[in-house]
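This report refers to the structure that appears directly beneath it.
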Amino acid sequence: MTLRTYVIRRLILVVPTLLLISIAIFSIVHLAPGDIAHAIAGRRTPSREVMEQIRREYGLDQPIPVQYLTWLGKVVRGDLGFSYLNNAPVMSLIAPRIKYTAELMLVAEVVSMVIAIVLGVIAAVKHYSIVDALSSLGALIGYSLPDFWIALIAILVFSVRLGWLPIAGVSTVGIEFPSPFHALLDHLRYLVLPASILVLGWTAYLFRMVRSSMLEVMRQDYILTARAKGLRERVVIYKHALRNALLPVITYEAFSMGFLLSGAAIIESIFGWPGLGQFFVLIAHRRDLPTLMGLTMIIAVMVLIANLCADIAYAIVDPRIRYE
Amino acid sequence: MSSNSRVKTDEKTEEPYEPSRATRLFIVWRKLRTSKLAVTGFGIVLLVATLALLAPVIAPYSPESFFLTMRPPTLTHLFGTDTIGRDLLTLVLYGARISLYVGLGAVFIEISIGLTIGMISGYFGGKVDEILMRITDLVLTLPTLPLLIVAVAVFKSKDINTIVLVMGIFGWPFMARVVRSEFLALRETLFVEAARSMGASNWRIILRHILPNVLSTVIVIATMDIPWYIFWEATLTFLGFGDPTSASWGVLLWRGYLYLQDAWWIITFPGLALFFTSLGFNLFGDGLRDALDVTTRGR
Amino acid sequence: MSESTLITINDLKTYFFITEGVVKAVDGVNLDINKGEALGLVGESGCGKSTVALSIMRLIRPPGKIVGGEIWFEGEDLLRKGESEMRQIRGGRISLISQNPMSSMNPVFTVGGQIAEAIKLHQNVQRREIKGKVAEILDLVGIPDPSKRMEDYPHEYSGGMCQRAMTAMALSCNPQLLIADEPTTNLDVTIQAQILKLMKKLRKDFGASVLLIGHDLGVISELCDKIAVMYAGRVAEYSDLMTVFEKPKHPYTQALLESIPRLDVEEERLRIIPGTVPRLINPPPGCRFHPRCEQAMTVCSKQDPVLTEIEKGHKVACFLYDSNVRTKPQV
């Protein structure tokens with residue numbers, strides 16, 4: 001099977017999966033106790049007109065499957081519904097926040113990957129050395145640290161006591177920056193703390209994966225062959241070993257989009273970072289159901305895309321997979 | 001020249017060594033005992049468990065007694081007091097009970113569902129396997145926290161049991177996958193074939209022959225998952241989705257968050273407890289995994 | 001050391017330092033291989049044969065360490081050479097084929113690519129000519145449709161084809177010595193025969209010396225001119241093929257040959273060598289074989305026998321043939 005066939009097959013699978021997810025989301029929400037219209041309207045006591053409008057829009061007098069299809073139809077067209085609580089279409093509430101989450105996650109992701117791979121390789125190659133022992137222990141500690149707790153401690157130390165970094169937000173409001181560069185620097189000051197906390201946890205886990213994968217690979221027969229050919233050790237490690245060692249890491253990374261989003265949600269909430277995660281917590285608290293449904297759908301799509309990319313990346317890198 | 005009468009006996013001859021299950025357990029035990037990290041981890045877990053169990057007995061005060069609010073740590077209140085005046089040390093001790101309950105409860109559910117599905121999927125294969133795996137993969141990749149939040153928010157329940165249930169329900173896929181692959185592998189082994197040829201029924205093979213071998217992996221996964229469940233519960237409550245009156249560490253941290261600047265101890269001690277517990281389980285789980293790994297791969 | 005000697009191993013000692021103690025995997029091995037000759041290194045599993053191979057290539061990694069001896073190759077002691085010099089020798093003048101062909105190639109690179117890697121390292125070949133060379137050598141080892149198959153990945157090759165490809169990789173740079181460590185052990189019997197036939201042919205074509213390591217006397221006898229029998233880290237007997245088979249002198253060799261089941265004689269039970277191979281962590285003093293030897297004498301448990309030439313081209317390490325021992329009264 002060529003790469004192209006594999007990709008096409010995978011793409012085709014996306015559709016039914018999305019459908020399944022949408023059904024799941026729809027069902028969960030509609031299983032909620034209480035009157036749906038009330039829930040959709042939010043906690044405020046809605047007027048009769050609003051209730052009528054809701055019933056019409058969501059077709060609440062129709063049988064459930066019809067309701068589902070109506071909703072689905074709208075979703076597909078990009079209309080994620082209307083948030084009565086916020087008095088705005090759901091999409092308009094979500095869209096501007098995407099970039100913040102993306103920025104935070106991307107930065108944290110890249111940094112943690114780089115650190116984890118570099119350290120992981122070193123630790124594996126210098127197995128049993130001080131570097132290995134220390135970094136493994138450090139990783140274990142980092143992995144056990146509850147991120148929201150360490151975030152609070154960090155705020156306490158760096159923002160409250162030392163005053164080096166801001167507590168929350170994305171940038172200082174109300175100031176005119178002399179140049180975009182200054183604005184960027186200011187923005188970075190806000191990014192440092194949340195990104196660092198994320199990096200701490202993610203690097204720890206990734207490091208362990210890279211290290212154990214690398215150790216496993218270095219024991220393989222083909223590494224002996226590579227050495228026996230007369231290759232320099234550096235080539236053996238970085239060309240022959242690393243590529244194989246990274247395979248399970250790639251799989252894990254992309255499939256853990258869900259996990260990464262969870263982490264981001266917590267951190268965003270604590271640092272007032274206006275991304276999807278913070279929004280999620282917000283609307284969950286206020287039980288803004290239409291927005292919740294819409295946002296969950298978006299998140300599910302994001303996760304799906306990430307999985308797809310992972311699958312494809314994996315197939316590109318490991319030729320054995322295409323022959324499943 | 002072929003008589004075996006003159007076998008030298010001045011040296012102990014060693015028989016090829018085929019460890020029985022009892023011997024394997026012994027090797028595991030010995031490996032565990034010598035690994036300093038594993039022992040430390042186990043010690044911590046034991047400590048936390050003991051403290052949790054004995055909380056009502058050893059806590060200096062009752063979680064319902066009220067003192068001066070927001071007092072820093074002193075000799076009478078080693079951890080200080082919280083925002084409504086309860087002794088923090090007491091709360092932390094009681095919080096341990098909740099955390100352990102959550103961890104063990106969720107893991108129990110996770111094992112029940114995950115093991116069953118993994119067994120069936122891995123052993124019987126075919127269509128059943130495919131369908132189950134599709135579902136498993138789907139749930140596996142879903143973001144845990146958002147889903148937990150949705151579930152808790154939608155069901156409007158702040159009861160701890162709901163949280164435990166939901167977590168277990170979202171946590172089984174990983175266990176199922178691993179169990180399935182072990183079953184798949186073991187299904188093809190000779191001893192299973194032998195059992196089958198002797199007429200053992202499918203269920204008998206599953207339960208008596210394959211399962212004991214898979215148990216060690218299950219235990220390792222379970223041990224390493226407990227800290228995650230404790231963590232998720234703390235996160236949920238921290239974000240405000242739990243029961244605000246409970247002594248859960250997450251709740252304490254939630255309240256402490258609001259008074260971060262003034263009362264540093266409120267977030268420090270519960271957080272430390274959370275970290276410590278996590279660390280213990282992780283250390284022990286790591287050690288456990290290493291010990292079991294080596295035996296299966298041979299000495 | 002004569003003009004025709006390619007490689008001489010003197011008193012090689014390679015130990016493994018593990019927590020339970022020191023494993024003396026190779027404890028004083030002496031071997032010679034002449035140019036164009038094929039030497040078979042025979043012994044049971046765990047006797048140190050592979051360690052000898054890896055020692056020659058200086059591929060011993062911690063916790064192993066070559067602690068003593070000399071390996072003379074083309075007038076130089078390999079054990080004194082620097083790492084970068086060894087790298088040139090590995091794959092270029094001495095190559096290795098190992099016993100797990102299917103796992104010996106990197107699964108994420110094409111077969112052709114891995115062979116090309118070896119060629120690029122040791123030979124001055126133009127980039128556009130490399131593909132041709134790879135196809136050429138694959139063809140030589142009997143891979144059908146080489147220019148297409150070289151773009152395949154290792155998992156698309158069968159076990160036998162993998163071994164052929166590995167052989168191609170090893171021979172691609174015209175080495176003077178080819179070390180084959182149990183090349184046919186993990187292959188089907190029929191494939192085994194094919195590979196052996198291939199190796200015989202290639203040996204003739206390339207004129208390389210071969211060190212064939214194995215435990216299957218049948219396989220060894222197919223290819224080799226001389227045999228060295230190893231036991232527990234030492235060479236017990238060494239001579240040319242026919243001499244060892246017809247006039248084995250060392251009790252171990254004799255017992256080995258006796259244990260081969262025979263079709264022409266009716267026997268109720270297979271003959272075995274009683275006891276088991278000693279663990280090399282704390283080997284018994286004296287001759288390593290003495291606990292299992294029917295002809296053991298007192299001296300055998302006290303001193304190490306030295307590999308001595310008892311007739312031209314035939315060496316044994318056994319006190320039975322040590323003239324000093326024979327003349328003294330047995331204590």
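No value in this document is a laboratory result; all are computed from the given coordinates. The structure displayed is predicted, hence computed values, not measured ones. When we count neighbours, we look across all protein chains shown, and the Cβ atoms used for this are built from the backbone with ideal geometry, even at glycine.
Within straight-line reach of C:Lys200, meaning a Cα separation under 29 Å, sit the following lysines at least 8 residues removed in sequence or on another chain: A:Lys229, C:Lys35, C:Lys49, C:Lys120, C:Lys131, C:Lys133, C:Lys148, C:Lys226, C:Lys247, C:Lys249, C:Lys312, C:Lys315.
Relative contact order of chain A: 27 percent, from C-alpha pairs under 8 Å at least 6 residues apart in sequence. Taking a point 7 angstrom from the Cα of B:Ala49 along the C-beta vector, which residues in the stretch B:213-252 have backbone N less than 20 Å away? Answer for the stretch B:213-252: B:215-231. Using θ = phi - 60° in the Karplus curve 6.51 cos²θ - 1.76 cosθ + 1.60, the 3J(HN,Hα) couplings for the stretch C:31-41 round to 8, 10, 10, 8, 5, x, 9, 10, 9, x, 10 Hz; x is entered for Gly and Pro.
Considering only beta bridges that DSSP places wholly inside the stretch C:1-111, some 95 percent are antiparallel. List the relative contact order of chain C as a percent without decimals, with contacts defined as Cα pairs under 8 Å and 6+ residues apart. Answer for chain C is 20 percent.
Taken along the Cα-to-beta-carbon direction at a fixed 7 Å, the label points for B:Arg134 and A:Ser212 span 3.1 nm. Applied to the stretch A:132-138, the Karplus parametrisation 6.51 cos²θ - 1.76 cosθ + 1.60 on θ = phi - 60° returns per-residue 3J(HN,Hα) values of 4, 4, 5, 5, 5, 5, x Hz, with x for Gly and Pro. Here's how it looks for C:Leu41: its modeled amide H is under 5 Å from those of C:Leu212, C:Ile213, C:Gly214, C:Ala228, which are all 5 or more places away or on a different chain. Applying 1/(1 + (r/R0)^6) with R0 = 56 Å to the Cβ-Cβ distance of B:Ser112 and C:Lys197 gives a FRET efficiency near 0.45. Separation of the stretch B:220-265 from the stretch A:95-139 is 26 Å, based on Cα centroids.
A straight Cα-to-Cα reach below 23 Å connects B:Lys36 with the lysines A:Lys126, residues fewer than 8 places away in its own chain not being considered. For the listed peptides C:232-244, C:127-139, a ranking on the average number of other beta carbons within 10 Å per residue, highest first, reads C:232-244, C:127-139. Mean per-residue shielding of peptide A:148-160 is 5, counting Cβ atoms of other chains within 10 Å of each Cβ. Distance from the alpha carbon centroid of the stretch A:148-194 to that of the stretch B:51-88 works out to 35 angstrom. Can you tell me how chain A classifies by the Cα gyration tensor, rounded, prolate or oblate, using a/c under 1.5 as the rounded cut? Oblate shape, in that a/c is at least 1.5 and b/c is the bigger or equal ratio.
The calculated FRET efficiency for C:Val22 paired with C:Glu136, based on their beta-carbon distance and R0 = 41 Å, is about 0.30.
The amide H of C:Asp240, built 1.01 Å from its N in the peptide plane, has C:Ile227 as neighbours under 5 Å, considering only residues 5 or more places off or on other chains. Answer rounded, prolate or oblate for the stretch C:19-105, using the Cα gyration tensor with square roots of eigenvalues a ≥ b ≥ c: rounded when a/c is under 1.5, else prolate when a/b is larger than b/c, else oblate. Rounded, because the longest to shortest axis ratio a/c is under 1.5. Taking Cα atoms only, the orientation of helix B:36-58 departs from the longest principal axis of chain B by about 50 degrees.
Per-peptide packing, taken as the mean over residues of other Cβ atoms within 10 Å, places A:290-303, B:217-230 in the sequence A:290-303, B:217-230 from highest down. Counting, for every residue in C:286-294, the Cβ atoms of other protein chains within 10 Å of its Cβ and taking the mean gives 3. Estimated from helices alone, the mean residue ellipticity of the protein assembly as shown at 222 nm is -19000 deg cm²/dmol (sum of -39500 (n - 2.57) over DSSP H runs with n ≥ 4, per residue). Secondary structure note: in the protein assembly as shown, about 65% of the DSSP beta bridges are antiparallel.
Cross-link reach is defined here as a Cα-Cα straight distance under 15 Å, omitting same-chain residues fewer than 8 places apart; for C:Lys65 the aspartates and glutamates meeting it are C:Asp11, C:Asp27, C:Glu83. Averaged over the residues of C:106-119, the number of partner chain Cβ atoms lying within 10 Å of the residue Cβ comes to 4.
Rounded to the nearest whole Hz, the Karplus-based 3J(HN,Hα) values (6.51 cos²θ - 1.76 cosθ + 1.60, θ = phi - 60°) of the stretch B:130-135 follow the sequence 4, 4, 4, 5, 4, 4, with x at glycine and proline. Note down the nm distance, to one decimal, between modelled labels 7 Å out along Cα→Cβ at C:Arg61 and at B:Leu68. Distance between label points: 6.4 nm. Summarising the amide proton neighbourhood of C:Ile7: residues at separation of 5 or more, or on other chains, whose placed amide H is nearer than 5 Å comprise C:Ile33. A Förster radius of 51 Å, combined with the Cβ-Cβ distance separating B:Trp203 from C:Ser221, puts the computed FRET efficiency at roughly 0.45. Under the rule a/c < 1.5 gives rounded, and otherwise a/b versus b/c splits prolate from oblate, where does chain B land using the Cα gyration tensor? Cα axes put chain B in the oblate bin.
Sequence-distant contacts, meaning Cα pairs under 8 Å at least 6 residues apart, place the relative contact order of chain B at 26 percent. Ordering A:212-224, A:137-149 by mean Cβ neighbour count within 10 Å, with the highest value first, yields A:137-149, A:212-224.
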